[in-house]
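Working notes for the structure below.
The values are calculated or read from the model by the stated rules, or taken from the named source; none is laboratory data. Note that the structure is predicted; figures quoted are calculated from it, not measured. In this analysis, Cβ positions are derived from the backbone assuming ideal geometry, glycine residues included, and neighbour counts consider all displayed protein chains. Each accessible area value is taken on the protein alone, full model and side chains, heavy atoms only, with ligands, DNA and RNA left out. Shrake-Rupley method; radii C 1.70, N 1.55, O 1.52, S 1.80 Å.
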Amino acid sequence: MIVAVGIDVVLVERFARALARTPLLADRLFTQAELKTPSGNPRSPESLAARFAAKEAVAKALGAPAGLHWHDCEVVSDPDGRPWLTVSGTVAAEAKSRGITRWHLSLSHDGGIASAMVVAERLPDQGVGE
């Protein structure tokens, strides 16, 4: 059952300027794993902007509660580059309180805009009514 949907868009150029202007911003927003591709290369501004949009979309799906920590929502990639969400700490606690047990994520960037959409899902209890 779908619990919530969150969507966010980020202007890549504006985001890249913010990262350049505030050198510690990337470390505040992203985990070390998020800053690099699966092959270990630094991520492009487009890729980082999409990951930031994903974190914002997760917050929106949760109702934008105060106190969420950026590192508690991580966009990781499988070996093929497909993005996945992992949540821990403050984000996991808020998701649990809302019955969210699974996240779905889509990222995109084109034409200077990065976007993300997340779907928060509650899986039915195993063995109940099935």
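For this structure, a couple of remarks:
- Candidate set from the range 27-38 (those that are hydrophobic (A, V, I, L, M, F, W, C) and part of a loop (DSSP other than H, G, I, E, B)); member that is least open to solvent (accessible area, probe 1.4 Å): PHE30
- If the condition is being in a loop (DSSP other than H, G, I, E, B) and in contact with an Asp or Glu (Cβ under 8 Å, 6 or more places away or on another chain), then the range 39-62 contributes ARG43, LEU62.
- Scanning the range 64-96 for residues that are small (Gly, Ala, Ser) and modelled with pLDDT under 95 yields ALA64, ALA66, GLY67, SER77, GLY81.
- Residue within the range 2-19 that is more than 15 Å from the chain's Cα centre (by Cα) and basic (Lys, Arg) present: yes
- Taking the range 100-128 as the range and being surrounded by 12 or more Cβ atoms within 10 Å (Cβ to Cβ) and of a type in the set (Val, Ile, Thr) as the test, the residues that pass are ILE100, THR101, ILE113, VAL118, VAL119.
- Residue selected from the range 51-74 under the condition aliphatic (A, V, I, L, M) and under 12 Å from VAL118 (Cα atoms), by the criterion surrounded by the fewest Cβ atoms within 10 Å (Cβ to Cβ): ALA59
- Residue within the range 19-26 that is in a helix (DSSP H, G or I), without any contact (Cβ under 8 Å) to a residue 24 or more places away in the chain and open to solvent by 40 Å² or more (accessible area, probe 1.4 Å) present: yes
- Whichever residue in the range 40-50 is under 15 Å from CYS73 (Cα atoms) and in contact with a Phe, Trp or Tyr (Cβ under 8 Å, 6 or more places away or on another chain) and, among such residues, is surrounded by the most Cβ atoms within 10 Å (Cβ to Cβ): ALA49
- Number of residues in the range 24-43 that are small (Gly, Ala, Ser) and more than 17 Å from ARG82 (Cβ to Cβ): the value is 2.
- Restricting the search to strands (runs of 3 or more DSSP E) fully inside the range 65-125 and requiring at least 2 residues that are hydroxyl-bearing (Ser, Thr, Tyr) and within 15 Å of the chain's Cα centre (by Cα) gives 102-110.
- Restricting attention to the range 77-99 and to residues that are among the hydrophobic types (A, V, I, L, M, F, W, C) and open to solvent by 40 Å² or more (accessible area, probe 1.4 Å), the residue that is farthest from ARG43 (Cα to Cα) turns out to be ALA93.
- Within the range 33-83, the set of residues being within 19 Å of ARG17 (Cα to Cα), small (Gly, Ala, Ser) and free of Cβ contacts under 8 Å to residues at least 12 places away in the same chain comprises just one member, SER44.
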